[in-house]
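Participant: Dropping a structure here in structure tokens format, bear with me for questions.
Please treat every number below as a calculation from the coordinates, not as lab data. The structure displayed is predicted, hence computed values, not measured ones.
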Amino acid sequence: MTEMKLLIKGLLLILATFIFSFGINGQIVGENESERQAAWQKIGPFFSTPDEFKDKYGDYRSPLKFYNGQPVRTPNDWKERRDEILVRWNDMMGFKNRVAMTNRAEHSPNAE
């Protein structure tokens, strides 16, 4: 029961912080336009791609190809491809032998 009270208190603290941090229409309380512009000038460069990485997307294979090279052509193919990706990533992360993760389409309640 004490864990639940701590959780509720934490959520209320987060909600109060959010409410008091923002004024009407989402504007931060106490900041004027010149302060916002100064802040944006400081952080603005971090919202654009550095020149050394512009138009360089890497040599990645398309997610619309199965690992065996066949293309994904239908929505059903995409479901199979998603499962294939999920199994590979779960294996790499150490999550093995989980039926729900290895073939989601076959084991879902909406499977045909």
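Participant: Could you state the principal axis extents of the C-alpha atoms in the stretch 36-97, from the largest down, to the nearest angstrom?
Facilitator: For the stretch 36-97, the Cα spread along each principal axis is 52, 27, 23 Å.
Participant: Give me, ordered by chain and number, the residues 5 or more places off V72 or on other chains with an amide H under 5 Å from its own placed amide H.
Facilitator: For V72, the qualifying residues are K65, F66.
Participant: Which lysines, on any chain, are close to K79 with Cα under 23 Å apart, when same-chain ones fewer than 8 places away are left out?
Facilitator: List returned: K65, K96.
Participant: Once phi is turned into θ = phi - 60°, what whole-Hz ³J(HN,Hα) does the Karplus curve with 6.51, -1.76 and 1.60 give for every residue of the stretch 47-63, x standing for Gly and Pro?
Facilitator: Working through the residues one at a time gives 9, 10, 6, x, 3, 5, 10, 4, 6, 10, 9, x, 9, 9, 6, 5, x Hz.
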